[in-house]
1. If I filter the range 47-57 for residues that are under 25 Å from Pro132 (Cβ atoms), among the basic types (Lys, Arg) and under 16 Å from the mean Cα position of the chain (by Cα), do I get at least one hit?
2. I'd like to know if the range 11-18 contains one or more residues that are more than 21 Å from Gln148 (Cβ to Cβ), open to solvent by 50 Å² or more (accessible area, probe 1.4 Å), charged (D, E, K, R) and over 15 Å from the mean Cα position of the chain (by Cα).
3. What are the residue pairs meeting all of these: first residue in the range 27-51, first residue exposed (fewer than 12 other Cβ atoms within 10 Å of the Cβ), second residue of a type in the set (Lys, Arg), Cβ atoms under 8 Å, and 6 or more apart or on different chains?
4. So which residues in the range 1-21 are at pLDDT below 50 and more than 17 Å from Ala130 (Cβ to Cβ)?
5. Can you give me the number of residues within the range 66-85 that are assigned to a loop (DSSP other than H, G, I, E, B) and either closer than 13 Å to Thr18 by Cα or open to solvent by 70 Å² or more (accessible area, probe 1.4 Å) (or both)?
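The values are calculated or read from the model by the stated rules, or taken from the named source; none is laboratory data. Nothing here was measured: the structure is a model prediction, and the numbers come from that model. Cβ placement follows ideal geometry from the backbone for every residue including glycine, while neighbour counts extend to all protein chains displayed. Please note that ligands, DNA and RNA were not included when accessible areas were found on the heavy atoms of the full protein model with its side chains. Shrake-Rupley method; radii C 1.70, N 1.55, O 1.52, S 1.80 Å.
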Amino acid sequence: MNVADNSDVFVDEIPVLTPDGEIQRWTVRARQSDDDDCHMRLAGGFGEHWDAKGADVFDAFAAVRREPEARGFRFLVVGARPDCWPSGMSSSMSGGVLVYRHYRSALQRLVHDLIDVVSRRGTRRYIFDAAPVSRVATAEEQAAFREQWSMRIL
């Protein structure tokens, strides 16, 4: 992540899988506005760009990627994994830049927590860290997973 002169602005390049199977680097820019929304611009490899806003970086990213995803693009970042999203506290403290992996079962979580402790990696991940294509989903699939996950917990 590159922080600009103003701490509420950042720019990053992220890997994107095109419908043709090519991996490109796209630019994502985010800034916090006076109304406390996060405004995001995604610039594609074909000179196109998309704009969206959300409550934080995660929400804005979910919104800005919907149109390119409908055209077959896939975002190869942790923030596009169906099992990753920020907690409420992380959203307010990091602005949605750090996400947690949410596991399907307590046993799966225990195993991964032990791996995180041994590897000293921690449980939070930067939203734009790379992720393999086999682990990412569309924003709609991510929202559906989150809904199913929350229903299982309650």
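1. Within the range 47-57 (the criterion being under 25 Å from Pro132 (Cβ atoms), among the basic types (Lys, Arg) and under 16 Å from the mean Cα position of the chain (by Cα)), the answer is no, since none of the residues qualifies.
2. The answer is no; no qualifying residue exists.
3. Ser33/Lys53
4. Kept after step one, since they are at pLDDT below 50, are these residues of the range 1-21: 1-7.
Val3, Ala4, Asp5, Asn6, Ser7, listed by residue number.
5. Qualifying residue count for the region: 4.
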